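As structure tokens, the structure follows; a few thoughts come after it.
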């Protein structure tokens, strides 16, 4: 009898899990974005001191419960030697967030190459994509239209997937909350295929 009740309890209260990858070059602000997101959407999460965040080596995981869904964010290191590990996570992802450092014009072509390699993967063919032009709080940063122009060669590879390019500031939290609603669409769009 206990097993039956335990199983019923788990069934009623279980949450569907959806994995969202957060990718981009090192120092783009991926971990800061994840921390801001966890702080805004996890009731008892105090968050870490954003000034103490260092370059991710490996993986950071953040979990947020929304209704009957659990969003698991996988923040992967963006150093060149770690980018070769990204594809190991593609098959399990329901959504992608690609973070671009809008202040780093010198590395924009490197970011574009990493982005192009990522979206060319067959494992991500139908996965919705959110591109964040981060650090918009910094004067003289590249605007979203500038970034779209820099990445225009990649547009054809995006295909029919749902894609949104938006400005944000992970450090100040500007616009980080608005895009959470977009990530909620991942579970609707991708549930049947993953």
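Values in this text are rule-based calculations from the coordinates and carry no lab data. Small disclaimer: the values here were computed from a predicted structure and weren't measured. Reconstructed Cβ throughout: ideal geometry from the backbone, glycine too, with neighbour counts over all protein chains shown.
Here are the numbers for this structure:
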read-out	value
Stokes-Einstein D in µm²/s, Kirkwood radius over Cα pairs - the stretch 16-190 at 10 °C with 1.306 mPa s viscosity	99 µm²/s
The stretch 16-190, relative contact order [Cα under 8 Å, separation at least 6], %	27 percent
Those residues of the stretch 83-115 whose amide nitrogen sits under 17 Å from the label point placed on residue 41, 7 Å along Cα→Cβ	93-99
FRET E, pair residue 70, residue 125, Förster distance 22 Å, beta-carbon r, rounded to 0.05	0.35
Packing-based order for 108-118, 78-88, using average beta carbon neighbours within 10 Å, highest first	108-118, 78-88
The stretch 63-96 residues near the modelled residue 160 label - backbone nitrogen below 20 Å, point 7 Å along Cα→Cβ	94-96
Simple label model, 7 Å out from Cα along Cβ direction - residue 49 to residue 140, nm	3.0 nm
Where the Cα pairs of the stretch 58-109 fall when distances are cut into 10 Å bins, in %	19, 47, 27, 7, 0
Extension gain from residue 110 to residue 79, taking 0.36 nm per residue of separation minus the Cα-Cα distance	10.1 nm
DSSP beta bridges in the stretch 25-134 [antiparallel fraction, %, rounded to 5]	55 percent
Geometric extent, Cα atoms of the stretch 14-89 - Rg, Dmax (angstrom)	12.9, 38
